[in-house]
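Enquirer: Structure in structure tokens, see below.
The values are calculated or read from the model by the stated rules, or taken from the named source; none is laboratory data. Being a predicted model, the structure only gives us computed values, none of them experimental. Counting neighbours? That spans all protein chains shown, and the Cβs are built from the backbone with ideal geometry, glycine included. Please note that ligands, DNA and RNA were not included when accessible areas were found on the heavy atoms of the full protein model with its side chains. Shrake-Rupley method; radii C 1.70, N 1.55, O 1.52, S 1.80 Å.
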Amino acid sequence: MSDEELKQGPIHTVHVELGATFAPFGGWEMPVSYAGTVAEHTAVRENVGLFDVSHLGKALVAGPDAAQFLNTTLSNDLTRIGPGKAQYTLCCTENGGVVDDLIVYHVSDDELFLVPNAANTAAVVEALTAAAPAGVTVTNQHRDHAVFAVQGPKAVEVLEALGLPTDIAYMGFADAEYEGAPVRVCRSGYTGERGYEVLPRWDDAEGVFRALLDAVRAQGGQAAGLGARDTLRTEMGYALHGHELSVDISPLEARVGWAVGWKKPQFWGRDALVREKEAGPARKLWGLRALDRGVLRQDLTVRRDGDEVGRTTSGTFSPTLKIGIALALLDTAAGLEPGDEVSVDVRGRSLRAEVVAPPFVEDHTR
């Protein structure tokens, strides 16, 4: 896809005004950073940061017993939640791979709002549309809503400054208004800090973003781009589709088997995943902490005693720990455990690393 074909979000001109650097991601032109990734990462960990993630997909599944239909397709068990709750779930292939991971907002049994990944929205909508029974509609609403993420210890103060609800349980949501316009607020995030996803209408996005940014700055925070979003989620060991999850990487391999409703009689990929669970996955996602100076990246060979045991799926310099870290799919047969030492081939150089169970930093989401 050429730069001319990249999609732009509803507040692209605001990002330009703020001096953002841009890069393509999932078919969209995304702000990578403003003041620098490390400064933005630190703002989220210590104060608060504001992300524009309006590239994320949005879709509406509506009609009689829409929730019951969705529960026969997506992996997690929707009966575990009710109206006003959101749930992380997976859209799997019949072979147990992952078409996408997404968030489902349970508005009512007849209305569910989905937030898939940008590049996979069309595939998810197409699959659900093909499977939907008579009376249930699946509507792509990619450009109907913006999504802003307010993340960090002072996220509550930011939302309160706008009169938005904050007394929401983790993975709960509430519908509210800002200056007379509808806004949906969900207590979730992708950083490991307390946070909220704020979803205004696409056409109302600029006013909401500017108000949020003013409140964020008043708390000592700043706007944050895709670079900080990636370092933050990597420190938490959160999966990113196309890296830790894909049609070739199963939920069990990626450590997200908790998002599978194993007792459900039906969902896409169930038979393959049950077989894999019984046999045990051939690979498993682990964290790697660099013991030598150097930055780990994705798709590097991991060895133990000279034998190849896996490959990295993501890698970065951790601004919090000030060392190189990575996520890697390692062969179960290698018998690796936390504390074991491996080597990573970084452009012909062997860099020592310690195997750890993610996350790399303390979880403050709840």
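Enquirer: With (1) more than 15 Å from the chain's Cα centre (by Cα); (2) open to solvent by less than 20 Å² (accessible area, probe 1.4 Å) as the list, and Lys263 as the residue in question, which single condition is left unmet?
Expert: (2)
Enquirer: Within the range 121-154, restricting attention to residues that are surrounded by 20 or more Cβ atoms within 10 Å (Cβ to Cβ) and not hydrophobic (A, V, I, L, M, F, W, C), which residue is farthest from Asp65 (Cα to Cα)?
Expert: Across the range 121-154, the extreme among qualifying residues is Lys154.
Enquirer: What are the residues in the range 9-58 that are among the acidic types (Asp, Glu) and surrounded by 16 or more Cβ atoms within 10 Å (Cβ to Cβ), if any?
Expert: If the condition is that a residue be among the acidic types (Asp, Glu) and surrounded by 16 or more Cβ atoms within 10 Å (Cβ to Cβ), then Glu29, Glu40, Asp52 are the ones that fit.
Enquirer: Determine which single condition Gln298 fails, assuming it passes every other condition in (1) in contact with a helix residue (DSSP H, G or I) (Cβ under 8 Å, 6 or more places away or on another chain); (2) of a type outside the set (Asp, Glu); (3) open to solvent by 10 Å² or more (accessible area, probe 1.4 Å); (4) under 22 Å from Thr37 (Cα atoms).
Expert: (1)
Enquirer: Further question on the same structure: Given the options Arg233, Arg217, name the one that is at pLDDT 95 or above, in a helix (DSSP H, G or I) and over 13 Å from the mean Cα position of the chain (by Cα). Break it down into steps so the answer makes sense when it comes.
Expert: Working: Arg233 fails: over 13 Å from the mean Cα position of the chain (by Cα).
None of the others qualify; the one that does is Arg217.
Enquirer: From the list Asp77, Asp65, pick out the single residue that is of a type outside the set (Gly, Ala, Ser), at positive phi and touching a residue at least 60 places away in the same chain (Cβ under 8 Å). Please lay out each step first, then the result.
Expert: Numbers: Asp77 fails: at positive phi.
Step by step, each of Asp77, Asp65 is checked, and only Asp65 is of a type outside the set (Gly, Ala, Ser), at positive phi and touching a residue at least 60 places away in the same chain (Cβ under 8 Å).
Enquirer: Kindly evaluate Glu160 against the criterion of being out of contact with any Pro (no Cβ under 7 Å at 6 or more places or on another chain), closer than 19 Å to Ala218 by Cβ, modelled with pLDDT of 95 or more and surrounded by fewer than 16 Cβ atoms within 10 Å (Cβ to Cβ). Walk me through it before giving the result.
Expert: Working: out of contact with any Pro (no Cβ under 7 Å at 6 or more places or on another chain): yes; closer than 19 Å to Ala218 by Cβ: yes; modelled with pLDDT of 95 or more: yes; surrounded by fewer than 16 Cβ atoms within 10 Å (Cβ to Cβ): yes.
It is true that Glu160 is out of contact with any Pro (no Cβ under 7 Å at 6 or more places or on another chain), closer than 19 Å to Ala218 by Cβ, modelled with pLDDT of 95 or more and surrounded by fewer than 16 Cβ atoms within 10 Å (Cβ to Cβ).
Enquirer: Report yes if Val98 is open to solvent by less than 20 Å² (accessible area, probe 1.4 Å), under 26 Å from Thr191 (Cα atoms) and touching a Cys at 6+ places or on another chain (Cβ under 6 Å), otherwise no.
Expert: Numbers: open to solvent by less than 20 Å² (accessible area, probe 1.4 Å): yes; under 26 Å from Thr191 (Cα atoms): yes; touching a Cys at 6+ places or on another chain (Cβ under 6 Å): yes.
Criteria met by Val98.
Enquirer: Residues to consider are Asp363, Asp345; find the one that is at negative phi, in the same structural domain as Glu244 (by the TED database) and among the charged types (D, E, K, R). Lay out the reasoning, then the answer.
Expert: On the way: Asp363 fails: in the same structural domain as Glu244 (by the TED database).
So the residue among Asp363, Asp345 that is at negative phi, in the same structural domain as Glu244 (by the TED database) and among the charged types (D, E, K, R) is Asp345.
Table: residues versus (1) in contact with a Lys or Arg (Cβ under 9 Å, 6 or more places away or on another chain); (2) part of a helix (DSSP H, G or I); (3) without any contact (Cβ under 8 Å) to a residue 12 or more places away in the chain.
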{"residue": "His243", "(1), (2), (3)": "no, no, no"}
{"residue": "Lys277", "(1), (2), (3)": "no, yes, no"}
{"residue": "Asp299", "(1), (2), (3)": "yes, no, no"}
{"residue": "Val302", "(1), (2), (3)": "yes, no, no"}
